[in-house]
Amino acid sequence: MKVNIVEWKAFSTWHWELVSSAANNNNNNSNDYVEELCGICRVSFDGTCPNCKYPGDDCPIVLGSGCTHNFHLHCILKWLEQENSKGLCPMCRQIFTFQETHQQQVNTEDFINLKTLIDGHHVIRQRIQNNNDQEFQSFAGTDDVDLQMS
């Protein structure tokens, strides 16, 4: 019996393989919850962020390492570019750092911008902390002078 194929149509799908932070820390608990929506734009990771036309490698996912929140790269970049973000996760307000996975091309311009923004916020937090320490020391010094004069 011979079969002649007249027409053939292929169909395929894809999705991001997401893992939680706990799973990355060798805590292989299958009950770990993994978010499937970007915490900023609330669009599925299989979709695109508002800045992109097509899903895929041009719109990668950034996994938080200090917290378990995941974001589209362009969404977290836009968030961290705002001065009032203070380098914090928009969901839990912990200091935002991201996991470098083997799937990410860490040398891309967007990931370099992400590292630069995170480092910039870190420097700003250190300066604020140092200024607060100096103000506290000078304030403590003036109290001693007032007490001695009394």
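The values are calculated or read from the model by the stated rules, or taken from the named source; none is laboratory data. What you are looking at is a predicted structure, and each value in this text was computed from that prediction instead of being measured. Here Cβ is always computed from backbone atoms with ideal geometry, including for glycine, and neighbour counts include all displayed protein chains. These accessible areas exclude ligands, DNA and RNA; they are computed on the full protein's heavy atoms, side chains included. Shrake-Rupley method; radii C 1.70, N 1.55, O 1.52, S 1.80 Å.
For this structure, a couple of remarks:
- One residue stands out among those in region 89-111 that are charged (D, E, K, R), at negative phi and open to solvent by 100 Å² or more (accessible area, probe 1.4 Å): the one that is modelled with the lowest pLDDT, which is 100.
- Residues satisfying the stated conditions in region 39-75, i.e. of a type in the set (Val, Ile, Thr) and touching an Asp or Glu at 6+ places or on another chain (Cβ under 8 Å): 68
- Hits in region 112-126 - residues which are of a type in the set (Lys, Arg) and at pLDDT 85 or above: 115
- The set of residues from region 60-88 being open to solvent by 50 Å² or more (accessible area, probe 1.4 Å), in contact (Cβ under 8 Å) with a residue 24 or more places away in the chain and outside any loop (DSSP other than H, G, I, E, B) comprises 78, 81.
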